[in-house]
Amino acid sequence: MSSSMLLRSLRLRGYFGSCGSASALPRRFYQTDTMTGEVVALPNIQPDRLQYTKTEKPRTPPPSKSLVFGHTFTDHMLTIPWSSLEGWGAPKIEPYGPLSLEPSSTVLHYAQTIFEGMKAYRDEHGNVTLFRPDMNMKRMNTSAARVALPTFDSDALLQLIKKLIHFERDWIPKEPGHSLYIRPTMIGTQKFIGIAPPSEALLFVICSPVGPYYPDGFKPIALYGTTEYIRAAPGGTGAYKLGVNYAPGVMPQKHAAQLGYTQNLWLHGPEHYLTEVGTMNLFVVLKKGDAIELVTPPLDGMILPGVTRDSVLSLARNHVSGNYKLPNLPNLIVSERPITMNEVQEAETSGNLVELFGSGTAAIITPVNRIGYLGKDIHIPTGEDGMGPVSRPIWTELVGRQMGSIPSEWSVPVTA
């Protein structure tokens, strides 16, 4: 391939913008042949190079009723090394076990790490599917670029994740509401004390069988509207799934628990704009005259573009348009707009606060029954089952699509 053809190919793959020379292309994507001067693309992820090493000590998956979220892991994992000199190396499905890292690895000093959260589901016929995995791959690439980690071919990685899931298919619980949690992760592994894009990285994927987030039914949670801490700020990293975004939330979470609340409600600015709930996206439901408004903060650079968030909005908008009506869901106004604590307080006082809930991969929908704010509690209505008139039918539809009882293009089959 000529240099001009290669540059055009790389541009189409999104490796760089409208620049016309290789000098503008990050070195992590190409090499220059020292003999010919030709631009040579570094290898991307190649599923046909996959190598298998089966564990010598296979385990029996534990009873599903004993599963605790995030504590049990399957026998195997997927690893793919990367270097700035050789590009993406051979993928391996190998026994789950410790990683070998130098003490000087950049991830340990500068938090060069990103991750995703996905689930594989088994339906009543034994078919295994993933829920909208293309969105996770897109977001992971966006996160990688934000912290100067290497990007990758999303379709190729998804193909390998499917192979890992199929290899570990006996670990996928059969009971309703259960699933196999998938955690793709990338870390900088270069041996270097210095702040710079790493010249080496490791992408790995581990799997964990999990049960329902609420095994005994929905339990509305109480939030602490924290004015002492913030989760994100304009121009920062709040819109990316980076490890560095999560550790700083642990201490505020402990503070909220000491005050008798389950999670933090992250606020921003002197107006106390609502942003996120713990590690979830946020929805508020308000009465607006004869209508019901579903409100979620806009993707302004501080809000993580959650897959469940997008799914809730898509279902609500299709319901409004008449393209796909959801049973028992009222007529809605769907709004992505800023909302302040003052507006929530006024809605409670006037009787126009209908419900408030979080959304995310782990719990899908999490209803909220009160918010502690400036020394007082704001009380939020919940139904007998813990949910509300908007969250309940949306949750029912989402779970049906995930578990395979409702056919959907969002469900992607996993085959050998």
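The values are calculated or read from the model by the stated rules, or taken from the named source; none is laboratory data. Bear in mind that the values here come from a model prediction, so they are computed numbers and not experimental data. For neighbour counting, all protein chains shown are included, and Cβ atoms are generated from backbone atoms with ideal geometry for every residue, glycine included. The accessibility values were calculated without ligands, DNA or RNA, using every heavy atom of the protein model including side chains. Shrake-Rupley method; radii C 1.70, N 1.55, O 1.52, S 1.80 Å.
Tabulated values for the structure
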read-out: Selection count, the range 331-341, where residues are modelled with pLDDT of 95 or more and either part of a loop (DSSP other than H, G, I, E, B) or open to solvent by 50 Å² or more (accessible area, probe 1.4 Å) (or both); value: 5
read-out: Any hit, the range 137-155, residues being touching a strand residue (DSSP E or B) at 6+ places or on another chain (Cβ under 6 Å), under 25 Å from GLY126 (Cβ atoms) and either open to solvent by less than 40 Å² (accessible area, probe 1.4 Å) or not polar (S, T, N, Q) (or both); value: no
read-out: Conditions (1) in contact with a helix residue (DSSP H, G or I) (Cβ under 8 Å, 6 or more places away or on another chain); (2) surrounded by fewer than 20 Cβ atoms within 10 Å (Cβ to Cβ); (3) not acidic (Asp, Glu): number failed by SER350; value: (1)
read-out: Any hit, the range 96-113, residues being in contact with a helix residue (DSSP H, G or I) (Cβ under 9 Å, 6 or more places away or on another chain), among the charged types (D, E, K, R) and modelled with pLDDT of 95 or more; value: yes
read-out: Selection status of GLY322, of a type outside the set (A, V, I, L, M) and over 24 Å from ASP134 (Cβ atoms); value: yes
read-out: Subset tally (residues that are of a type in the set (A, V, I, L, M, F, W, C), open to solvent by less than 20 Å² (accessible area, probe 1.4 Å) and in a helix (DSSP H, G or I)) for the range 362-416; value: 2
read-out: Options TYR52, TYR110, TYR96; residue that is open to solvent by 50 Å² or more (accessible area, probe 1.4 Å), of a type in the set (Ser, Thr, Tyr) and over 16 Å from ILE165 (Cα atoms); value: TYR110
read-out: Boolean, PRO103 is in a loop (DSSP other than H, G, I, E, B), open to solvent by less than 60 Å² (accessible area, probe 1.4 Å) and either touching a Cys at 6+ places or on another chain (Cβ under 9 Å) or more than 29 Å from ARG401 (Cβ to Cβ) (or both); value: no
read-out: Strands (runs of 3 or more DSSP E) enclosed by the range 165-279 - at least 3 residues per element that are in contact (Cβ under 8 Å) with a residue 60 or more places away in the chain and touching a His at 6+ places or on another chain (Cβ under 9 Å); value: 200-210
read-out: Considering residues of the range 55-93 that are open to solvent by less than 60 Å² (accessible area, probe 1.4 Å) and β-branched (Val, Ile, Thr) only, the residue nearest to PHE152 (Cα to Cα); value: ILE80
read-out: Residue count, the range 195-241 (criterion: over 22 Å from the mean Cα position of the chain (by Cα) and aliphatic (A, V, I, L, M)); value: 3
read-out: Out of THR74, THR129, THR142, sole residue that is touching a residue at least 24 places away in the same chain (Cβ under 8 Å), assigned to a loop (DSSP other than H, G, I, E, B) and among the hydroxyl-bearing types (Ser, Thr, Tyr); value: THR74
read-out: Residue match in the range 285-307 (condition: aliphatic (A, V, I, L, M), in contact with a helix residue (DSSP H, G or I) (Cβ under 9 Å, 6 or more places away or on another chain), under 22 Å from GLY177 (Cα atoms) and not in a loop (DSSP other than H, G, I, E, B)); value: yes
read-out: Selected residue (only one of ILE172, ILE165, ILE161 is aliphatic (A, V, I, L, M), surrounded by 21 or more Cβ atoms within 10 Å (Cβ to Cβ) and more than 27 Å from ALA201 (Cβ to Cβ)); value: ILE172
read-out: Positions within the range 144-156 being more than 17 Å from GLU200 (Cα to Cα) and touching a Lys or Arg at 6+ places or on another chain (Cβ under 7 Å), in sequence order; value: SER154
read-out: Residue under evaluation PHE16, criteria (1) surrounded by 12 or more Cβ atoms within 10 Å (Cβ to Cβ); (2) assigned to a loop (DSSP other than H, G, I, E, B); (3) of a type in the set (A, V, I, L, M, F, W, C); (4) at pLDDT 95 or above, criterion not met; value: (4)
read-out: Residue that is farthest from VAL107 (Cα to Cα) [pool: residues in the range 239-262 that are open to solvent by less than 40 Å² (accessible area, probe 1.4 Å) and not polar (S, T, N, Q)]; value: TYR261
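Conditions tested, residue by residue: (1) more than 16 Å from THR227 (Cβ to Cβ); (2) among the polar types (S, T, N, Q).
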residue	(1), (2)
GLN345	no, yes
GLU348	yes, no
GLY351	yes, no
VAL354	yes, no
GLY358	yes, no
ILE365	yes, no
GLY372	no, no
HIS379	yes, no
GLU384	yes, no
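Conditions (1) open to solvent by 20 Å² or more (accessible area, probe 1.4 Å); (2) touching an Asp or Glu at 6+ places or on another chain (Cβ under 9 Å); (3) basic (Lys, Arg); (4) over 28 Å from PRO234 (Cα atoms), marked per residue:
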{"site": "PRO305", "(1), (2), (3), (4)": "yes, no, no, no"}
{"site": "LEU313", "(1), (2), (3), (4)": "no, yes, no, no"}
{"site": "ARG317", "(1), (2), (3), (4)": "yes, no, yes, no"}
{"site": "GLY322", "(1), (2), (3), (4)": "yes, no, no, yes"}
{"site": "PRO327", "(1), (2), (3), (4)": "yes, yes, no, yes"}
{"site": "GLU343", "(1), (2), (3), (4)": "yes, no, no, no"}
{"site": "GLU355", "(1), (2), (3), (4)": "no, no, no, no"}
